[in-house]
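These notes are about the structure you will find just below.
The values are calculated or read from the model by the stated rules, or taken from the named source; none is laboratory data. Everything numeric here is computed off the predicted structure, so don't read it as measured data. FYI the Cβ positions are ideal-geometry reconstructions off the backbone, even for glycines, and counts take in every protein chain you see. These accessible areas exclude ligands, DNA and RNA; they are computed on the full protein's heavy atoms, side chains included. Shrake-Rupley method; radii C 1.70, N 1.55, O 1.52, S 1.80 Å.
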Amino acid sequence: MPLALLALAISAFGIGTTEFVMMGLLPNVANDLGTSVPTAGYLVSAYAIGVVVGAPLLTALGSRIPRKRMLVLLMGLFTVGNLASALAPTFGLLAAGRVLAGLPHGAFFGVGAVVAARLVDEGRQARAVATMFLGLTVANIVGVPVGTLLGQQLGWRATFLVVTGIGVLAMAALARLVPHMPLDERAGLGRELRALGNRQVLLGLLTAVFGFAGVFAVYSYLASMMTEVTGLAETSVTVVLALFGTGMTLGALVAGPLTDRALRPTLYGSLGALAVILVVFDFTVHVTWAALVTVVLLGAVGFMTTTPLQMLVMNKAQQAPTLASASNHSAFNLANAGGAWLGGAAIAAGWGWTSPTLVGAVLAVLGLGIAAVAGVLDRDGGASGASGASGRSRVVARSSDPVRTEWVG
């Protein structure tokens, strides 16, 4: 794999750390800034708002900027947002810093996925995209636990200062390792918007919203489920989250080769497995060893959905994939917010701490249904859907057409 993928993975590691570490730092932030933990929880939402807004906005604004320069600029904005968070004297300014740090998230992964696909030969594009996402999954194994521990020992500001340093390192790696990629002369916002309006792209985004919401319906309340139902000590929560991150990493490693071989079957299989694992978790959560094994499996099958969904929207957007690729991350963050809300609503309704597992299973089935409908429409679409349900994607690079997607039956 090219070294440029390492630069993308380092960037993804920093982004993943700052996205999820706030969940472990909420008590520290609340105590330091004189607010309650539930109020501090809005800082998680602030980052998500930045992602949802920034993905299409920054991608549109940067549609005429060469991709390498765009990646460095986006990582620069990410770094500034984390530095602002570290230095914020008030809760309001910290929330603003979180929004600022979240703005480049979706756009970076959108552009980065297109760049990763162009760095490798035909038939290895999904593996390249999955390699970039490995930085995100490793962040949940290493970055989030270490960042949480650092914040507990030295203060939450120290955590964001370290992430700022990771951002600077990532900028240097991107500038040094990512090759220059000239833009297509026809590239522009209008072309990207037309590609985003493709029916298959929209169905892919809708699949991400519902399918991935099943993961966050449970992940958002995983700590409470493991302490209240499984009976683990609060000090063990970090280990549980690291196990989930380990599963995510395994899922990313498996998803890349499988997606290169058969995109839609990988998507169907991962969503179906996600629904099954969520139902199983409703039973295994009562037994410690079984619950921990299920947490790993949940992380694996949940993250297995991301690579085929990313490749699907990129492929179906064809010659203007960047905005669609970035919008996919807005869809994932809508899934984050929606899944957490529905899981919390089930608990608030008195259905019990394990009720988010069944809510998540229903959401995963809905995502699978949308994906299946999209597959049928694609198969019946004649030449545009020649791949059918089992086709493989390839991204062909040319000097006048940086990313062109073809389908091989």
Original post:
Using a 1.4 Å probe on the protein chains only, how many percent of the accessible area of the range 290-331 belongs to carbon and sulfur?
Top reply: 70
Subject >> From the coordinates shown, Rg/Rh (Cα atoms, Kirkwood Rh) corresponds to which of (1) 1.10; (2) 0.96; (3) 1.17 >> reply: (2)
**OP:** Just name one of F281, V52, L222: the one whose Cα is farthest towards the positive end of the charge dipole of the chain (beta-carbon charges, Lys/Arg +1, Asp/Glu -1).
**Re:** V52
Subject >> Size of the range 1-160 as Cα extents on the principal axes (Å, biggest first) >> reply: 54, 32, 21
**OP:** Could you compute the FRET efficiency for V293 and V53, with r as their C-beta to C-beta distance and R0 at 56 Å, rounded to 0.05?
**Re:** 0.90
Subject >> Ellipticity estimate at 222 nm from DSSP helix runs (n ≥ 4, -39,500 (n - 2.57)) divided over the chain, nearest 500 >> reply: -25500 deg cm²/dmol
Subject >> Carbon/sulfur fraction of accessible area - the range 5-122, other protein chains in place, 1.4 Å, % >> reply: 69
Subject >> Mean separation of Cα contacts under 8 Å, 6 or more apart, over the residue count of the chain: relative contact order % >> reply: 24
Subject >> Dmax and Rg, reported as Rg then Dmax, of the range 248-302 (C-alpha, Å) >> reply: 12.2, 38
**OP:** Let me know the charge dipole size of the chain about its Cα centre in debye, to the nearest 20, where only the beta-carbon of Lys, Arg (+1) and Asp, Glu (-1) is charged.
**Re:** 1100
Original post:
Whole-Å semi-axes of the range 274-352's equivalent ellipsoid, largest first, each the root of 5 times a Cα gyration tensor eigenvalue?
Top reply: 31, 17, 8
Original post:
Could you give the accessible area per residue of the chain, probe 1.4 Å, as a whole number in Å²?
Top reply: 37
Original post:
Counting only protein heavy atoms, what percent of the accessible surface of the range 124-270 is carbon or sulfur at a 1.4 Å probe?
Top reply: 66
Subject >> Rel. contact order, % - alpha carbon contacts under 8 angstrom, at least six apart, the range 197-331 >> reply: 38
Subject >> Kirkwood Rh, Cα atoms: Rg over Rh of the range 193-320 >> reply: 1.06
Original post:
Considering the dipole of the range 34-140 built from charges on the beta carbon (Lys and Arg +1, Asp and Glu -1) around the Cα centre, which of T131, G102, S85 is farthest to its positive end?
Top reply: T131
